[in-house]
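Here's the structure, in structure tokens; my notes come after.
The values are calculated or read from the model by the stated rules, or taken from the named source; none is laboratory data. Here the structure is a predicted model, which is why all the values come from computation and not from measurement. Positions of Cβ are backbone-derived with ideal geometry, glycine not excepted, and every protein chain shown enters the neighbour counts. These accessible areas exclude ligands, DNA and RNA; they are computed on the full protein's heavy atoms, side chains included. Shrake-Rupley method; radii C 1.70, N 1.55, O 1.52, S 1.80 Å.
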Amino acid sequence: MKYLEIQNNQLHNIDEITFLVPDEFQESVRNLMITGSRMIALTAIDRADPKKIMAAFLNSVDSTIQIIGGEFANSNLEFESWANEFPQTNYFECELAEQFGFVPQNHPWLRPVRKQNYILNNKPYEFYKINGDEIHEVAVGPIHAGVIEPGHFRFQCHGELVYNLEINLGYQHRGVEKLFLQSSDSQRITLAESITGDTTIGHTFAHCSAVESLTKTQVPLRAEIIRTVSLELERIAMHLSGLGGIANDIGFALPSASYGRLRTLVINSLAALCGSRFGRGLMIYGGVRYDFNQPIVEKILQNLLIIQKDIKEINEYLFSTVGALARLEETGNVSSELAKQVGIVGLAARAAGLDEDIRIHFPFSAYKFHGISTFHLSTGDVFARARLRALEIDESIRIVLDLVQNISTGEIKNNQGKFSDNSFTISITEGWRGEIVHICFTNKNQNFSQYKIKDPSFNNWYGLSLALRNTAISDFPLCNKSFDLSYAGHDL
Amino acid sequence: MNQSLKIRLLQGDPIIHDIRNANVSELFHGLPKIEDKECLSGCTACSNVCPTNAITLNPVKIDLGKCVFCPLCEEACPEKIIHFTTNYKLVSADRKSLIIDKTTKQISPEVASEKIRKYFGKSLKLRQVSAGGCNGCELELNACSNVNFDLGRYGIEFVASPRHADGIVITGPLTKHMSLANQICYDAVPNPKVIILFGACAISGGVFQNSTETEREFLSKNKIDLFVPGCPPHPLTFINGLLDWLDRK
């Protein structure tokens, strides 16, 4: 088993990767997954010439990132699929097939990831369909009833009960990865901020860290803390929004409105720091653009203390109301085994009892020296995902209060160095949904040859579709909101 | 019951009463002010750093339909000619008036036609279409209806079905993959109807101007009623723009 072990945000030369012949590559990847590693990327290393590919894995137990390279002949991009044995690779293989024309042999269910009018074996792709008496199909979207992003959902139902849900995305595809290769420095940051607008900080953080590794730029400590604080503020804001959405979907207006009010306080704190309610314009290569000062720190403290006080009451109200619990508990279950098998990440994984948190296992930025607690619940239902949000908000508030009151003095920005050639880096951050992976390759001319992004939604949409099995179709909006996944982050 | 009353009391009075004169963060980037000064000879610093090619030179003009309000130009200018103010009133009914120069003091939309005001002046129901929106614009549109901004008090609301709508609000750069759905949605809205473009992506493609995955023909085929600049636009920008346009107090 030949693989390269690296750390989060470490700079490596591409030549350090051994590119194996297809059979060996297939075998090594399989052996690595037997040891419990989870796939985070399967991608060509050069967008223009996709015959060299890289498979990247995380092993949370010993906190390593593992990389296996493979080299294919131009005329033969076939390999034996792993997905029958390891369902976690299913979607990654579909993506590789769609983007670069690779052919995973014996793949259980090759389907479109972002393309429309997908042709498979010379036939247009057809949705999975169940036939039988009293089986009916429900099609929803791409445009949905609320102010949300587009996606298409195909349910196979028997009465109220969902037997299968197929999620068809790609409506938001803007060609983000391709644009990264063509853009200037200032464009790239704006682009990173727009991968998903609800995780602006998470993605921009990952992007800046990747570029800083490739340019050997040291980020000042004070800037690291400001970045970490803003990442946690984003987490608090979006968890509040998620809780508000869940309360709204069960028709519980008062908590919904209250969580919404508290979210405004958090995003206005971000606006006090950088002018934008989503933290746009805050991050630059080498640090941050805006510094803390006394009024800003006081504003953040003041807002968080209100939230800390009020949220206790609101949580107690939501989580002790019998009618609410009846809707939340044992709805949309994802068992721990299933979550592990299909490679669910982040909040949804922790709600199903998995120990997945980049901040703990692959610490970056201020998490390297600042301790943080992570929580696991075991039931994997809507209740667990809602409750976990409440717990994580408490912990995030604690960290932010701690960090802003004990921040070190100093610079907030260092100058950016020069890009290393023929190199790559993997940068992972823990956004509010889960792990955000940015992988960046440079060629001999120090230009980007490939930029690969994996939003946590890429893993978790599959989790949502499995959560719906044997659930009443009327619970779909609630299940969907409890995962709260990104369409734009998936579609790129 | 006690608990619910307690929470209602905690809620207090969160609504922004005077939405026409509400304050935003001091660092908010709103309408840029372009000083009446000469550029250094041959200087292209601001247009070089602009991520969305919003700036043209000699004289300096900024296209707010492209601008993402990132302040890179303000930082780059050696003569400090560009300065972002906190003025969030940016909405216009005329695409051309979004291109501002040193003479621009403010932007206010022309009042809508009598017909539109007669039909929609007191009640405007909108259907939102996200066509590649990153969820930034969507979150801000949702925020318009929260307890702070409460757009509903003006009779303006988002509805689920295009059949119930008086117009559509488009976010995102109009991806190829959403082009058919967007057209179907627009066709389903009964006449008379309006089109509002929300955010830099919808107005100009924004940071996705050079993407090969967009299909923006819909915008040239139809008359656009209102442009809402920003990345994403602030709820106050949208609400005040709508009220000005509908000639409401």
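Shown here: chain B, whose C-alpha atoms stretch 68, 45, 35 Å along the first, second and third principal axes, sorted largest to smallest. On the basis of the beta-carbon distance and an R0 of 56 Å, A:Asp394 and B:Ser41 show a calculated FRET efficiency of 0.45.
Here the range A:323-395 has an Rg and Dmax of 13.2, 43 Å, counting Cα atoms alone. Counting charges near A:Glu93 (Lys, Arg +1; Asp, Glu -1) among other residues having Cβ under 11 Å from its Cβ returns a value of -2. What FRET efficiency comes out for B:Ser161 versus B:Asp94 if R0 is 22 angstrom and r is the Cβ-Cβ distance? Round to the nearest 0.05. Rounded to the nearest 0.05, the efficiency is 0.15.
Could you rank the peptides A:165-178, A:111-124, B:194-207, B:16-29 by their average count of other C-beta atoms within 10 Å per residue, with the highest value first?
Ranked by mean Cβ neighbours within 10 Å, highest first: B:194-207, A:165-178, B:16-29, A:111-124.
Nonpolar atom fraction for the range A:4-113, defined as the carbon and sulfur part of the 1.4 Å probe accessible area, stands at 45 percent. Cα-based values for the range A:176-491, radius of gyration first and Dmax second, are 19.4, 63 Å. Take the accessible area of B alone and of A alone, subtract that of the pair with a 1.4 Å probe, and the total buried over both chains is about 4600 Å².
For a modelled paramagnetic label at A:Glu5, 7 Å from Cα along Cα-to-Cβ, the residues of the range A:52-72 in reach, with backbone nitrogen under 16 Å, are A:57-68.
With each label modelled as a point 7 angstrom along the Cα→C-beta vector, the B:Asp150-B:Asn222 pair spans 3.2 nm. Interface burial in the range A:302-317 reaches 30 Å² or more for A:Glu313, A:Tyr317, comparing the full protein assembly with the chain by itself; accessible area from heavy atoms with a 1.4 Å probe.
Directionally averaged projected area (the range A:4-113, Cα convex hull): 6.8 nm².
Multiplying the residue separation of A:Asn121 and A:Asn414 by 0.36 nm and subtracting their alpha-carbon distance yields 100.2 nm.
Using only alpha carbon pairs under 8 Å that are at least six residues apart, calculate the relative contact order of the range A:176-491 and give it in whole percent. Computed value for the range A:176-491: 27 percent relative contact order. Which residues does the label zone of B:Gln11 cover in the range A:318-339, counting backbone N under 14 Å from a point 7 Å along Cα→Cβ? Only A:318 pass the distance filter.
Which FRET efficiency value, to the nearest 0.05, do you get for A:Ile130 and B:Ser113 by plugging their Cβ-Cβ distance into 1/(1 + (r/R0)^6) with R0 = 45 Å? After rounding to 0.05, the efficiency reads 0.30.
By the Cβ-Cβ criterion of under 4.7 Å, the unpaired cysteines of chain B are B:Cys39, B:Cys43, B:Cys50, B:Cys67, B:Cys70, B:Cys77, B:Cys134, B:Cys137, B:Cys144, B:Cys185, B:Cys201, B:Cys231. Working from label points 7 Å from Cα in the Cα-to-Cβ sense, the B:Thr103 to A:Ser75 distance is 6.9 nm. In this label model, A:Trp109 and B:Asn21 are separated by 6.0 nm, measuring between points 7 Å along each Cα→Cβ vector. The residues of the range A:381-492 present an accessible area of 28 Å² per residue when probed at 1.4 Å with all protein chains retained.
Net charge in the neighbourhood of A:Val29 (other residues with Cβ under 14 Å of its Cβ; Lys, Arg +1, Asp, Glu -1) is -4.
Of the cross-linked pairs B:Lys6/B:Lys89; B:Lys33/B:Lys249; A:Lys299/B:Lys89; A:Lys2/A:Lys452; B:Lys96/B:Lys176, those separated by over 32 Å at the C-alpha level are B:Lys6/B:Lys89.
Structure shown: which of A:Lys216/A:Lys444; A:Lys418/B:Lys61; A:Lys178/A:Lys481; A:Lys216/B:Lys66; B:Lys115/B:Lys223 lie over 27 Å apart, alpha-carbon to alpha-carbon? Pairs exceeding 27 Å: A:Lys418/B:Lys61; A:Lys178/A:Lys481; A:Lys216/B:Lys66. Scattering from the protein assembly as shown was approximated by placing one identical point on each alpha carbon and applying the Debye formula without solvent; log10 I(q)/I(0) at 0.07, 0.08, 0.09, 0.11 1/Å stands at -0.47, -0.62, -0.80, -1.25.
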